[in-house]
1. What residue, among those in the stretch 189-232 that are among the hydroxyl-bearing types (S, T, Y) and in a helix (DSSP H, G or I), is nearest to E127 (Cα to Cα)?
2. Report, ordered by the first and then the second residue, all pairs with beta carbons closer than 8 Å, sequence separation of six or more or different chains, a first member in the stretch 96-123 that is of a type in the set (D, E, K, R), and a second member that is in a loop (DSSP other than H, G, I, E, B).
3. Which one is nearest to P128 (Cα to Cα), of the residues in the stretch 191-243 that are open to solvent by less than 20 Å² (accessible area, probe 1.4 Å) and among the polar types (S, T, N, Q)?
4. Looking only at the stretch 68-98, how many residues end up being in a loop (DSSP other than H, G, I, E, B) and out of contact with any helix residue (DSSP H, G or I) (no Cβ under 7 Å at 6 or more places or on another chain)?
5. From the residues in the stretch 271-295 that are open to solvent by less than 70 Å² (accessible area, probe 1.4 Å), closer than 27 Å to P92 by Cα and part of a loop (DSSP other than H, G, I, E, B), which one is modelled with the lowest pLDDT?
6. Please go through the stretch 243-295 and pick out each residue that is over 30 Å from I162 (Cβ atoms) and among the polar types (S, T, N, Q).
7. Out of K142, K51, K89, K123, I need the residue that is open to solvent by 60 Å² or more (accessible area, probe 1.4 Å), closer than 18 Å to L25 by Cβ and either at pLDDT 95 or above or more than 15 Å from the chain's Cα centre (by Cα) (or both). Which one?
8. Hey, among the residues in the stretch 174-184 that are under 10 Å from L233 (Cβ atoms) and aliphatic (A, V, I, L, M), which one's farthest from the chain's Cα centre (by Cα)?
Amino acid sequence: MQLTLRFALFGNTYQEHKSAHVTHLLDILRNKKAEICISNDFFDFLKQHTKANLKGLQVFQGNDFNADMVLSIGGDGTFLRAASRVGKKEIPILGINTGRLGFLADVSPDQMEEAFDEIYAGKYLAEPRRVLQLHTDNYVLKGYPFGLNEIAVLKQDSSSMITIHAYINNELLCTYQADGLVVATPTGSTGYSLSVGGPILVPQSGTISLTAVAPHSLNIRPIVIRDEWEIILDVESRNHNFLISVDGRSETCREGTRLRIRRADYFVRIVKRCHHSFFNTLREKMMWGVDSRNI
């Protein structure tokens, strides 16, 4: 007897030319008699810009949904937005990559049928990934304070570099003079953090990395710490403002606001196919260890 699974769909809302992938996905799910619900913003986008058959889909608002699995259709940015909507529900998230690199969303459209056959057979992994939580003293964040990838402190626009006093468990680490500082989880270590020279962290390592963005001092290097330790940041800026970015969601913060970054009390569960290990992804997505002379 075939399982009846319920899927919640989130998707990219600015690439209508890739709607054929959504049509194919819906056909696969309907053939498997799945229950399908869809976020209202993605539903409205598909209804307005595509010819996808949307009959029978249950539309939900905001985070008012439940499912056996969440499907993110797009790139890693779409995946991160879906993860913020899932929040503490800890529903496993499968990323279907219609973007570019797709480190989080690593199932390609041509692999969907095979992937869902494996899901219905129970042959998949739901890897728990740690999340960072941002606390701010004397300031109320407008956005969602949890980050699967990273929490970054950045200078605002074209202003001068900022000064960041960083403490680990209340002990001074150092004072950064830089364009910013990226605090990344292992999941985020292959994203923004890597692009500014941060280390690659294995997902199960239980660590966090701190990497300066364009540091003024050449002897500043990335550092890796245990993920149960607390990071405290005090920021100084000539224009008295700076940016806080949580998984790419940015807002302006006033100088004098103390930032506390801790490990959150929940996981994000990422669906992986059984034969897709982290090291496979490194080799395939990032051409890890490839000698360009042999290409």
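1. This residue is S205.
2. Every condition considered, the pairs that remain are R100/G75; D106/H276; E118/C274; K123/C274.
3. S209
4. Matching residues across the stretch 68-98 total 5.
5. Ranking the candidates gives H276 first.
6. Within the stretch 243-295, S277, N280, T281, S292, N294 qualify.
7. K51
8. Per the stated criteria, the residue is L181.
The values are calculated or read from the model by the stated rules, or taken from the named source; none is laboratory data. Remember, predicted model here, so these are calculated numbers, not experimental data. No Cβ is skipped: glycine too gets one built from the backbone with ideal geometry, and neighbour counts run over all protein chains shown. Quick note on the areas: whole protein, heavy atoms, side chains included, nothing else; ligands and nucleic acids left out. Shrake-Rupley method; radii C 1.70, N 1.55, O 1.52, S 1.80 Å.
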